[in-house]
Amino acid sequence: MPVIFRTLALALIWACSLPAGAVGSDREQMKGLDEQVQEVKSDVLSIAAELGRLEEKLLYPSNTQVAVFIALADADQMRLDAVQVQIDGQPVAHYIYSFKELDALRKGGVQRVYAGNVTTGEHQIEISVAGKLPGGADFNQTGSFAFQKGVEPKLVGVTLASPDTGQPAIAIGDW
Amino acid sequence: MPRAPSRLLGFGLAASLAAGPSLGNDLKDLHFGEALFHAYQGHYFDALQRLDTELGQYHGLDEPQYDSLHYHIGAAEFDVGDFELNYRMHHRAGRAIRAVLEGNVDAAVRNEAAFRLARIHFQKDQPGDALQALQRIQGDVPREIEDDVEFLRANVYMALGRYGDAVEVLAGLQRSESLTGFAEYNLGIALLQDGQTQRAIDQLDRAGQVDARDGGSVAIRDKANLVLGTLLFESADYQRAEQSLDRVRLDGPFSNQALLRAGWAEVSAGNFERALVPWNMLAAREVTDAAVQEALLAAPFAYSKLNVHGRAALMYGHALETYTNELDRVDASIDSIRKGSFLEALVREEIRQDKDWVIRLRTLPESPETYYLMALLASHDFHTALQNYLDLEDLRVRLVAWQTSFDAFEDIIGLREQNYEPLLPDVDAQFRELDSQIRLRVAQREHLDERLQGMLTAPRPDHLATADERVVLERLGQIEARLADADDPQQQELRERIARVRGTLTWRLRTEYHERFTLAHQHLQELDTVIAAMTQSYESLVRTRQAATHSYVGYDVPITRLRKRVAEALAKVDRLMARQGHMLETVAIKELQARRERLGEYQAQARFAVADSYDRATRQQTSEVQN
């Protein structure tokens, strides 16, 4: 992560210019507290994991669970502004992207844009995308796809691509 | 000499952090991608929550090779350690990486894990353990971390006081592009610590002229020039010191220090007029900086040496006024911190949205306490403590939100129970009836199948008679029974007629046997299709029935347990926040008191100097008038 590297490096360079012992005798106490903070972080992460399982079981049981994920095609530099998702004609998600989120998508991250419930059987999903292409032109696309919901959780992965990549603007895949 | 090995060594860590989570072009696991999405935004708690869950599920599988995470398992194992490290959870990061080290992995992966473990030990000020981890690296080392491994090794040697070994390692890294500036600078420092002063000066001279391309390299080049300038100044080589200090950029983080020292280098060489150039420039900068405050006294000092006492008196007067104002400001800051405003300012949401939030703290309205803390905020220990405080605040907010969500969960569960409970007895009764019918039909089908299978080896045409034929055969049997004892001719004729009818039927059954047998099989297969559809509906019904129950039964225990855990964690977080906050306030107040003390000294000096300068100016004026 070059950005982290640079930021940290600069912070450390800055630190080097400090008078030695600016924190001094409090350092040990800070370290002790740091250990305890690490412990409580671990506890809360464990609670989060248990709570996540409970939440999923309660709100999105596997036989009705459907989740929609958004990804950008590899190395795509389009500026994604917003995504709208409809399932069986009903709007279920409308998301506007911040710079940080767009950056995370460009680096290969995948966003869970929607989690909900549908019955088993065949359904229609419609994805609408608004953004700008690297050249500055508007990019507005809508794609409609059928998907089959079985008894297991359904994960729908949506990959978005600029026209110059040679890939479909909106493609969905099963995971 | 304003440096300590542990601080310099931080660069090594920074350089090695350049290795981020690896991501292939073909992502196979959406949940892994989701964890990366959070990590790339710096949301490490969320990233860890996702990835921990995924890894937990993966390791719980009987055949994990069929799970989609299997394609990324190596990256995921490393990334979880990286995320923990970035979330300042060194203990867990160490455990995660040790798990990789102890796993059945190839040399390249094991070596990378050893490197990462060494990096964690190093960051935790455990250079001995870091060196041990580095010594586990044998054989293939991934090319992209080769230089970072050696750079870390050099830094570990320096932390252990083995400067000669560090020099040897760093000498081999002088052409590393990824370490431009850092390898050169650290070699200079290692030589200096090793007592090779002249070689250190030559090396720092090289480090001060590297072709730096990014912000980090440019900053370290400035640092090299500043250190070199200081060294040369201390060696009374003022001209070269001046040259070196001139190379420090005027807008970099070291420019104030460089300007101050450049002025002193000129003064030491007797060039008071030339010293005024950097000092006047410095005196016009942000007044909370220590170098600027010193320049406020240094510049009039140079004027007084040039016998410009009037100008010096005015500047001392301005310095005195500035110090008095700044002392008031520092006092206000100390009061503000004591009232808790500092911690309140830190947790303001709008500040934390910005990646440069530390810098923005300075511009916070109504937060005078932050003006003097910029240097402190940037120090590693204080910064870690501050980040911990913010992390605790983040945990607190999450825990409070979870507490309220339990109430919502219980509402949902209650509503579902109210909805389903009255319906289920009827549904269950219908279900039981349907269940018995289905079982009966399935048993009948099994019986038919068995019969047909038996007829493959022992043909039984009578088993394939139609219902009408079976009725006729039965009727014939009854008539035969009635005629059994009669022997008059009329009845004898009836018996013959019955035999003919039976013979006709038998003929038909025997001659049509194969066709009927094939047809029976076809009917059985058709029955199978119907039974399969029925079984599917049955299973769907079972699942729906179970889902109805599972939607409100069995949550009491986990919710009660989670409520307790959340309450305990929240109490712990509150306690720790209070202690961490108190620690931050104490350190901040100490820093401000130190600055106050220095300002007080400057104020006293300025007060004396202003009076002295006015005296001298007056005497000079009188003397000029008399002449």
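All of the numbers you see were taken from the coordinates with simple rules; none came from a lab. No experiment lies behind these values; they were computed from the predicted model shown. So basically every Cβ, Gly included, is an ideal-geometry build from the backbone, and we count neighbours across all protein chains shown.
Points worth noting:
- Shielding value for A:97-107 is 3, the average number of Cβ atoms from other chains within 10 Å of each residue's Cβ.
- Gyration tensor verdict on the stretch B:169-235 (Cα atoms; rounded if a/c is under 1.5, prolate if a/b is larger than b/c, oblate otherwise): oblate
- Working note: Karplus 6.51/-1.76/1.60 with θ = phi - 60° gives the stretch B:268-281 the couplings 5, 8, x, 9, 5, 5, 6, 5, 5, 4, x, 5, 5, 4 Hz, where Gly and Pro are set to x.
- Axis angle, to the nearest 10 degrees, between helix B:197-207 and the longest C-alpha principal axis of chain B: 60 degrees.
- Cα gyration tensor shape for the stretch B:172-299, rounded if a/c is under 1.5, else prolate or oblate: oblate
- Taking every residue in A:108-116 and counting other chain Cβ atoms within 10 Å of its Cβ, the average works out to 5.
- Other-chain or far-sequence residues with amide H under 5 Å of A:PHE139's (modelled H): A:GLY131, A:LYS132, A:LEU133
- FRET E, pair B:MET455, B:ALA107, Förster distance 45 Å, beta-carbon r, rounded to 0.05: 0.10
- For the protein assembly as shown, the antiparallel share of DSSP beta bridges with both residues in that region comes to about 85%.
- Those lysines that a straight Cα-Cα span of less than 26 Å connects to A:LYS41, excepting residues fewer than 8 apart in one chain: A:LYS31, A:LYS57, A:LYS100, B:LYS124, B:LYS355, B:LYS564, B:LYS572
- Over chain B, the fraction of Cα-Cα pairs per 10 Å bin, rounded to whole percents and listed from the shortest bin up, is 3, 10, 14, 16, 13, 9, 7, 6, 5, 4, 4, 3, 2, 1, 1, 0, 0, 0, 0.
- Scalar couplings 3J(HN,Hα) for the stretch B:134-141, obtained by applying the Karplus form with A = 6.51, B = -1.76, C = 1.60 to θ = phi - 60°, are 5, 5, 7, 6, 9, x, 5, 10 Hz; x denotes Gly and Pro.
- Angle in degrees between helix B:467-482 and the longest Cα principal axis of chain B, rounded to the nearest 10: 30 degrees
- Note on the stretch B:558-627: Cα-Cα pairs beyond 21 Å make up 65% of the total pair count.
- Low-density loop cleavage sites - chymotrypsin sites (Phe, Trp or Tyr not before Pro) in the stretch B:58-162, where at most 10 other Cβ are within 10 Å (DSSP): none
- Axis of helix B:30-40 versus longest Cα principal axis of chain B: the two differ by about 10°, to the nearest ten degrees.
- Full extension of the chain segment joining B:ASP574 with B:GLN430 gains 46.4 nm, where the gain is 0.36 nm per residue of separation less the Cα-Cα distance.
- Taking trypsin sites (Lys or Arg not before Pro) across the stretch B:118-193, the ones in a DSSP loop with at most 14 further Cβ atoms lying within 10 angstrom of their Cβ are B:ARG136, B:ARG175.
- 5 angstrom amide H check on A:ASN117, placed H, neighbours 5+ away: A:VAL66
- Cα-based reach from A:LYS132 at 16 Å (exclusive), listing aspartates and glutamates while leaving out same-chain residues under 8 positions away: A:ASP76, A:ASP81, A:GLU101, A:ASP103, A:ASP164
- For A:PHE69, distant residues with modelled amide H under 5 Å away: A:VAL113, A:VAL156, A:GLY157, A:VAL158
- Neighbours of B:TYR238 by Cβ distance under 14 Å: Lys/Arg scored +1, Asp/Glu scored -1, total -2.
- Whether the stretch B:400-448 is rounded, prolate or oblate, judged on the alpha carbon gyration tensor where a/c under 1.5 counts as rounded: oblate
- Peptide B:382-391, shielding by other chains (average Cβ, 10 Å cutoff): 4
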